[in-house]
Amino acid sequence: MAYFVYLFMVGLVLGMAVVAVNLSPYFAAFGLVVVAGMGCGVIISFGGSFLSLVLFLIYLGGMLVVFAYSAALAAEPFPESFGTTGAVLYFMGLVGVVGVFAILYIEEGSGLGGCSSDEVMGMSSCVTEYDGMSQMYGPGGFLLVLCAWVLLLTLFVVLEMTRGSSRGPLRSVK
Amino acid sequence: MVKFLFPTLMLHIHADLTNYRLMTLITQSSGHRLMIAMINVHLTLKMAQWLDEQHLNPYMAQTPYLPHFVLLTCWLLPLMIISSQHHMATEPINRQRTYIMLLTSLQFFLILAFSATELIMFYLMFEATLLPTLMIITRWGNQAERLNAGMYFLFYTLASSLPLLVALLLLQNTTGTLSLLTLQYSNPLNLSTYADKLWWAGCLIAFLVKMPLYGAHLWLPKAHVEAPVAGSMILAAVLLKLGGYGMMRMILLVLEPLSKELSYPFIVFALWGVVMTGLICLRQTDLKSLIAYSSVSHMGLVVGGILVQTPWGFAGALILMIAHGLTSSALFCLANTNYERIHSRNILLARGLQMVLPLMTTWWFIASLANLALPPLPNLMGELMILTSLINWSPWTLALTGAGVLITASYSLYMFLMTQRGPLPTHLIALDPSHSREHLLMALHLLPLLLLIFKPHLIWGWVS
Amino acid sequence: MTPILFAFSSAFTLGLTGLVFHRVHLLSALLCLEGMMLSLYIALSTWSLGMGSASSSALPLFLLAISACEAGAGLAILVATARTHGTDRLQSLNLLQW
Amino acid sequence: MLTRLPRLGLSLPRLLRNHPVRFVSQSKPSGAAGVAAVTELHPPAEKSDHGEVSPYVKNPDYHGFSDDPVVDEWNMRVGFFFGISVALVIGGAFIHYLPDHGMREWARREAERVIVQREQEGVPLLSEYYYDPNKIVVPGSGEE
Amino acid sequence: MSPYILAILLFSLGLGTTITFSSTHWLLAWVGLEINTLAMLPLMAQNHHPRAVEAATKYFLIQASGAAVLLFAGVINAWLTGQWDIHQAAHPLPIAIITLALSLKLGLAPLHSWLPEVFQGLNLTTNLILATWQKLAPLALMLQIQPPHSSLLIFLGLMSTLGGGWGGLNQTQLRKILAYSSTAQLGWMILVVQFSPSLTTLAILVYVVTTSATFLTLKLNKATNINMLAISWAKAPALMALTPLVLLSLAGLPPMTGFMPKWLILQELSKQGLPATATITALTALLSLYYYLRLTYAMTLTMFPNNITSTPPWRLPSAQLTLPLAILALAAISLLPLTPAAMALVAL
C-alpha cells in the first residue's frame, strides 16, 4: 500500500514538472490532469475520501473543460512538445534537481507524513473529515457566505473584463 | 522671542491683505520689517543686560552671541525687499505678495533656527531655511542655469546635513537630551573609537559645507550667481552664518574631547581655501561670482577661528561673520545696481563707472575697503583676532593667512579699480543715474558697519 | 522532512519555477498558477487529515473555491488580452515599458 | 580634474605667447563680426532695448520706488524716515546712551574691588583653585 | 462601468482589506488578499485599453503568485509547527518566505519591477487606489509577523529606498516616477517594521496623505509626463504654488509633514544601534528627492512659454472635486508640529 502512495507522490511531482517546462498549453493541461489524479490518490491514501472526491469531480470535471477550451484559444500551428530537445533537457533538469533534493532532505523511515500509515487507514480520520464538512455549514457559515460572495464577485469580474461587444468576439489573431 | 516671531507672522497677513494706494507693498513691508528690527535691537540689548533664565524656555532662548545673528537677519530682510524693488516692479501684485511671503517665511525660520535651544529644533529650522532659499533661487533667478544651481544648493546641503541628523539622534540616545541648556551639564562623552570620530565628523560637516569649507564650496558661487539679488544677499549675509553659528554651538557643547586633533585637517583646508579662493577671485570676470568666492575666502578664516577653539578665535569669528554679513550683502547690492543698468554681470562690460555714477563709487569704495578689512572697520577686528589665535595655534599659519590677507586686498582693489576707475567704455552712455532707493540701501548696509567702529563691543561676544 | 511534505513542496516550487521562468504563453502561466493552487489543496487536505483536525478539514474546499475564482478571473484576463493584443503570448505584453 | 590636463596642454602655447594688452581687435570692423566687438560704439537709441523706458523721462525726480511721482516721493520719505532717522539715528543714540551694556562696567568695577581687597589681604590676585577646596565635600573613602 | 458593479467592486475592495486586517488565520488572510486582487482587476481594465489590460494582466499574475506563495508558507508553517495563527508563526523558513511574498505584493525592491509598469498602464485614480489602499493589506500582515532575524528586512528596506530612488532618476513618466517613489517610501516602512510597528503605521498614514495629494494634483492637471506639467501654471496657479511643498513633503524635507516619519524612523534605527543603516537610508532619500525636485521645477519653479489658447483655463471653474485635494495638500504640508499627537494616534 505504501508503495502506491510513493508512486502517487512521484507522479504528482512528475506531472507538475510537465506543467513547469512550458510546453504548449495542451501538455501543461495534461500535466495538470495527472497532478490532480495523483493528488486524489495521495489524499485517499491519507483517508480523505470526500476531499479527494471533491478534487476529482470539481477539478477534473469542471476546471479542465475550461482549460481545454482555452487551450483551443491559444492554439498554434507548431506546438512545442517533448520533441524539442530543449524541453526534454529542461524537464530532465527539473526532475533531477528535485531528485537530488529528495535524496538530501527526505529523512529515512519518517513514514508518509503527519501520521503513520497504520493510523492513516483508521476510522478516526474519516470521522473528522465528515465532522469538518458538517461544521462548514455551522460554525464555518461565515466562510461559506464569504466564498459565495467571492464567486459572485468573480462573476462580475469576468463580465467586466470581457465586456464590450464593439471589440469583437473571442478570437485569436495569428 | 515671540516679540519678533509674531510681527514676522503678521507680515504674512500684511502682505496678503494690503491694498496699496499710497505706498507700494514693498515699502510698506520693508517699513514693517525695520520696526521688527528695532524691536529686536531693543530686545538684544535687554538680553545682553539681563541674561538670565527668565527669557529662556525649553525650546527657544537667546544666548550671548545669538542676538547678533537675529539682529542681522531682521536688519537684512527689509533691505532685501528694498533691493528687489526693481526686480519685482514688473511682476503682478500677486507674485509680489508671494515673493514677500517667501522672504517672510525665510526670516521666520531663520529666527527660529538662531534661537532654538533644542538641537533637533535647530536642525529642523536649519533645513527649513533651505526651502524658501531654493525657491528664491530657482523661481526668481534669471538664467536657465538657476535650476542647476538650485540642485547643487539643495543636494550639497542635504547630503551633508542628513548625517548630522543621525549624529544628533545618536547623541540623544547617549545623553538622553538634546537641549543645549542641559547638554552642558551632562557627563563628557567618552569618545575613543573610530565610529566616534565619524560621529564627530557627521556633527560638523553639515556646518562646514554650509559655511562653506573649501572643497565643498562649489554650490555657493553657482547659487550666488544665479540667485536674484535678494537671494544672494540672504545667502551671503545670513545663511552662511548659520553654519558658523551651528559650529560654535556644536563644538563648544558636545564635540570638545575630540576636536583637538580632529579639527587639524579642517583648519588646514579652510586656510588653504582662503588662499585658493582668493586666487580664483583675482581672475574672475563675473562680478557676482567674484563676491561669492570672496565670501568663501572670508568664511575660511571664520572656520579657522572657530576650529582653534580659543575665546579670541570665537570672538573674531563672530565679529568677522557680522561684519562680512553687512559687507558682502552691500557688495551684492552694488553688483545688482550694475546689473540693472548694464544687464550683465561681466566686469569687462561695466568699467569706469565713476564717470556716470560718482556717488555710487563712494559706496563701492567703502564696501571694497570693508571687504579688504581696512583698519578701523570691524572686518579688521575680526580678522586680526582670528589671525592672532591662529598664530597662537601654529606660527606657520601666518604664511597662509598672510597670503590670504594680501590676496584679499588685491582682489578687492582689482574689483574696485576695474568697475569704477579708468575711461568709460563708449557703450555705457545712456545709464540711469543712481536712485535714492539704492543710496538708501547702501547707507543702511554700510552706515551700521561704520557705526560699529565706535561701539565694537556690541558684536564682540565673550571678549570685552 | 517527510515524503508528503517534500512532495507538495516540490510540486509547488516546480509550479512557481514554471511561472517565474515562463516566457511563452499566458495560458501556461495560468496553468502553473493552477498547479500551485492544486498542490496547496493537497497540502491542506493532507495536513488536516494527518492532524485529525475536524475544524480545518473544510478549509481545502474554501481554498478550491477561491482558486477557482482566481482561475476564472485569469481566463477572463486571457480573453481580454487576446482581444487587445491579438495573442496570448507573454512577449507581446511590452507596451508599458516606456 | 585629470581630464582637463590635455586641454591645458593645448592652451599652453597660447598662454605663453606675448599677446597685446587688450583683447580687442585693432583692425577695422568688417561685416557682421566686427559689430559685435565689445568696445564698438552703439548708438544710444539701441540702448533702450529690453523693453525698458527710462522712468526719468516721465519723472525727473525719480527715486526708484514707483512710477507714480506721488507714490515715489512718499515711499522715499518713509524709507528714509524709518531707515535713517528711526533705525540708525534714534537707534544708535539709544544704544549709545544705554547704561552699562553687557554689564561690562559693573564687571570691571567688581574686578577692581576684588583686586584691592586681595591686595589688602595679601593673598595672590589669582587663586590656583576655581572653587575653594575647603568647601568641596568629598565622599569618604570608607564605608558608605 | 455600471455604477452597481462599481459599487460591488469597491465594496469588495474594502471587504478584502478588512478581512485581511481582522484575520488571525493565514487562509483567511489569503482569502482577503485574493478578494482584493479580484476586485481590483476590473477597475484597472475598465476602459479595455491595451495598456490597461496589460497592466491588469501583470498585476494579476504578480498578486496571484504572491498570494499563493504566502499561503504556501502558511501551509509549511502549519506542517512544521501545527499552527495557523498569524501571530504565532515562529518557524524562520516560512517567515522568510512570507516576508518575500509580501514584499512582492507590496513592490519592494528587488521585487519591485512590476510596479512601474502596472502604474504606467492605469489612470491616475486607479493608481491612487493601487498606491494607497492596496498596500494596506500586505503591510498589515507584515506588521503582524515577527521576523526571526533582522537582516532580511533591513536588506529589503535599503534595497527599496535605493532602488526606488535610482529607478526614478531617469524617468519622464509621472506614473512611473510615483511608482518608484512608492517603492522608496515602503522601504522606509519596512526598515523599521521589526523595531517599531507603530512607526510603520505612522509612515503609511503620512505616505497615504502625501501621495494622495500628489496624485490628485496630477489628476487635476491631467498630466502623465513631465512635459505635460509645463502648462499646469495656466490651469491652477494657486495650487501650483503649493505643489512643490507637497512634493518635497513626499521627499521628506524638514518643515513638512513628510519629515515626521523619516525623522522618527531614523531615531528608532539609531536607537537600535544601526547608525550606519540610518545614514545610508537618509542619503538614499536624496535620490528620490532628485526626481521630486525635477517635478517641482517643471511645475512651479520655471514658467514655460504658453501659447495664447492655453493660458485661460484657470479662469474656468474646475469640474473636479477640489475639496479633498485642498485638505490633503494642507495636511501633507503642515502636520509636522502635530508629531506627538500623530505618535499617540498610532501607538500600539
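The values are calculated or read from the model by the stated rules, or taken from the named source; none is laboratory data. Just so you know, these numbers come straight off a predicted model, no measurement behind them. All Cβ positions, even for glycine, are placed from backbone atoms using ideal geometry, and neighbour counts span all protein chains on display.
Scanning segment E:10-19 for residues that are part of a helix (DSSP H, G or I), surrounded by 21 or more Cβ atoms within 10 Å (Cβ to Cβ), at the interface with another protein chain (Cβ under 7 Å from one of its Cβ atoms) and in contact with a Leu (Cβ under 7 Å, 6 or more places away or on another chain) turns up at least one hit.
Within segment C:13-31, does at least one residue satisfy the condition of being under 23 Å from A:Val97 (Cβ atoms), at the interface with another protein chain (Cβ under 7 Å from one of its Cβ atoms), β-branched (Val, Ile, Thr) and not in a helix (DSSP H, G or I)? Scanning segment C:13-31, I find at least one residue that is under 23 Å from A:Val97 (Cβ atoms), at the interface with another protein chain (Cβ under 7 Å from one of its Cβ atoms), β-branched (Val, Ile, Thr) and not in a helix (DSSP H, G or I), so the answer is yes. Taking the listed residues E:Thr20, E:Thr24, the one that is touching a residue at least 24 places away in the same chain (Cβ under 8 Å) and touching a strand residue (DSSP E or B) at 6+ places or on another chain (Cβ under 8 Å) is E:Thr24, with no other qualifying. A search for C-beta distances below 7 Å between a residue of segment C:73-98 that is within 9 Å of chain A (Cβ to nearest Cβ) and in contact (Cβ under 8 Å) with a residue 24 or more places away in the chain and any residue that is surrounded by 20 or more Cβ atoms within 10 Å (Cβ to Cβ) and part of a loop (DSSP other than H, G, I, E, B), counting only pairs 6+ apart in sequence or on different chains, returns C:Leu78/C:Asp88; C:Asp88/A:Ala74.
Tell me which residues, restricted to segment E:112-154, are touching a strand residue (DSSP E or B) at 6+ places or on another chain (Cβ under 9 Å) and either under 13 Å from E:Ile62 (Cβ atoms) or surrounded by fewer than 17 Cβ atoms within 10 Å (Cβ to Cβ) (or both).
At the first step, the residues of segment E:112-154 found to be touching a strand residue (DSSP E or B) at 6+ places or on another chain (Cβ under 9 Å) are E:116, E:119-120.
Result: E:Pro116, E:Phe119.
At pLDDT 80 or above, within 7 Å of chain C (Cβ to nearest Cβ) and part of a loop (DSSP other than H, G, I, E, B) - does that describe any residue in segment A:149-160? Even if it seems obvious, please write down each step before you answer.
Initial filter on segment A:149-160 (at pLDDT 80 or above): A:149-160.
With within 7 Å of chain C (Cβ to nearest Cβ) added as a condition, the list becomes A:150-151, A:154, A:157-158.
Restricting the remaining residues to those that are part of a loop (DSSP other than H, G, I, E, B) gives none.
Scanning segment A:149-160 turns up no residue that is at pLDDT 80 or above, within 7 Å of chain C (Cβ to nearest Cβ) and part of a loop (DSSP other than H, G, I, E, B).
Picking from residues in segment B:193-247 that are more than 15 Å from B:Phe153 (Cα to Cα) and charged (D, E, K, R), the one that is surrounded by the most Cβ atoms within 10 Å (Cβ to Cβ) is B:Lys241.
Within segment E:224-240, is even one residue facing chain B (nearest Cβ under 10 Å) and part of a helix (DSSP H, G or I)?
If we filter segment E:224-240 for residues that are facing chain B (nearest Cβ under 10 Å), which is where we start, we get E:237-238.
Imposing the further condition that a residue be part of a helix (DSSP H, G or I) reduces the set to E:237-238.
Yes, that holds for at least one residue.
The set of residues in segment D:90-121 that are modelled with pLDDT of 85 or more and either exposed (fewer than 11 other Cβ atoms within 10 Å of the Cβ) or within 14 Å of another protein chain (Cβ to nearest Cβ) (or both) comprises D:Arg109, D:Glu110, D:Ala111, D:Glu112, D:Arg113, D:Val116, D:Gln117, D:Gln120, D:Glu121. If you filter segment E:20-62 down to residues that are of a type in the set (Val, Ile, Thr) and surrounded by fewer than 22 Cβ atoms within 10 Å (Cβ to Cβ), you find that the one that is farthest from the other protein chains (Cβ to nearest Cβ) is E:Thr24.
The residues in segment B:243-273 that are more than 30 Å from B:Leu178 (Cβ to Cβ) and out of contact with any Phe, Trp or Tyr (no Cβ under 8 Å at 6 or more places or on another chain) can be counted, and the count is 2.
Can you give me the number of residues within segment C:57-67 that are within 7 Å of chain A (Cβ to nearest Cβ) and either hydrophobic (A, V, I, L, M, F, W, C) or surrounded by fewer than 23 Cβ atoms within 10 Å (Cβ to Cβ) (or both)? Spell out the reasoning first.
Pass one, segment C:57-67, residues within 7 Å of chain A (Cβ to nearest Cβ): C:57-58, C:60-62, C:64-66.
From the residues that got through so far, the ones that are either hydrophobic (A, V, I, L, M, F, W, C) or surrounded by fewer than 23 Cβ atoms within 10 Å (Cβ to Cβ) (or both) too are C:58, C:61-62, C:64-66.
Here the count works out to 6.
Scan segment C:19-33 for residues that are under 18 Å from E:Ala68 (Cβ atoms) and either modelled with pLDDT of 90 or more or aliphatic (A, V, I, L, M) (or both) and report the count. It would help to see each step written out before you state the result.
Initially, segment C:19-33 is screened for residues under 18 Å from E:Ala68 (Cβ atoms), giving C:19-22, C:26-33.
Adding the requirement that they be either modelled with pLDDT of 90 or more or aliphatic (A, V, I, L, M) (or both) leaves C:19-20, C:26-27, C:29-33.
Qualifying residue count, segment C:19-33: 9.
Within segment E:55-82, the residues that satisfy the criterion of being over 17 Å from C:Ser10 (Cα atoms) and aromatic (Phe, Trp, Tyr) are E:Tyr59, E:Phe60.
Looking at segment A:137-157 only, could you name the residues that are under 24 Å from the mean Cα position of the chain (by Cα) and surrounded by 19 or more Cβ atoms within 10 Å (Cβ to Cβ)? Reasoning before the result, please.
Residues of segment A:137-157 under 24 Å from the mean Cα position of the chain (by Cα): A:143-144, A:146-155, A:157.
Of everything in segment A:137-157, those that are under 24 Å from the mean Cα position of the chain (by Cα) and surrounded by 19 or more Cβ atoms within 10 Å (Cβ to Cβ) turn out to be A:Leu143, A:Leu146, A:Cys147, A:Val150, A:Leu153, A:Thr154, A:Val157.
Please work out which residue is nearest to E:His112 (Cα to Cα), limiting yourself to segment E:123-177 and to residues that are among the hydroxyl-bearing types (Ser, Thr, Tyr) and not in a loop (DSSP other than H, G, I, E, B).
Of the residues in segment E:123-177, the ones among the hydroxyl-bearing types (Ser, Thr, Tyr) are E:125-126, E:132, E:150-151, E:160-161, E:172.
Okay, now just the ones that are also not in a loop (DSSP other than H, G, I, E, B), so E:125-126, E:151, E:160-161.
On the way: E:Thr125: 21, E:Thr126: 18, E:Ser151: 19, E:Ser160: 8, E:Thr161: 11 Å.
The residue in question is E:Ser160.
Is it true that E:Trp314 is surrounded by fewer than 20 Cβ atoms within 10 Å (Cβ to Cβ) and assigned to a helix (DSSP H, G or I)? Even if it seems obvious, please write down each step before you answer.
On the way: surrounded by fewer than 20 Cβ atoms within 10 Å (Cβ to Cβ): yes; assigned to a helix (DSSP H, G or I): yes.
So E:Trp314 fits the description; yes.
Note on segment A:1-55: among residues that are polar (S, T, N, Q) and part of a loop (DSSP other than H, G, I, E, B), the one that is nearest to the other protein chains (Cβ to nearest Cβ) is A:Asn22.
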